[in-house]
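> Have a look at the structure that comes next, please.
None of the figures in this text is laboratory data; all of them are computed from the coordinates on show. Predicted model only: the values in this text are computed from it and were never measured. Positions of Cβ are backbone-derived with ideal geometry, glycine not excepted, and every protein chain shown enters the neighbour counts.
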Amino acid sequence: MRRTPLARKPMKARAPVRKVIDRAASEAWAKAARTKRCAVCGARHVCGHHLIYQQQLRRIAVDLGIEYERIRWDRRNLLALCDRHHSAHHSGAHRVALAIVLAGAPKFSQFVRELDRQYEDDREPVALFVWRTYPLSRAERSSSAHI
């Protein structure tokens, strides 16, 4: 018995790829990441990690009516992580501790305060997102338990 060939369905149309609008800012951000070492282990081969995720930044930009690209490539929101620690953080297997974040990106708290200052409504503050995403280290948890 001879089989008839399966009819092929046309491919689904894919969503257009978002292009980087500010190429120079994107390249400067990536170059700033490559000049550093991993904030967790000190490895040399690193990639840039947005401390406040791009999805969250997009929401903030829409809520506040500011330009997304301007806050997307702000270097105060950059932490250099090796591929291993970057994927472990995003998968939730091993979150980067807040102490490491503040040591690796000393101006990050200034960036968070600037974004929070612009919120006037009862929206969730950016600092709350940071506290949920970057836990305290074991030493910080044990010292705060004694207070």
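> What ranking do LYS36, LYS12, LYS107 get, fewest neighbouring Cβ atoms within 10 angstrom at the top?
The fewest-first ordering by Cβ neighbours comes to LYS12, LYS107, LYS36.
> When you count, for each residue, the other Cβ atoms within 10 Å and take the mean per peptide, how do 94-104, 127-137 rank with the highest first?
Values: 94-104: 16.8, 127-137: 14.6.
The most tightly packed comes first, giving 94-104, 127-137.
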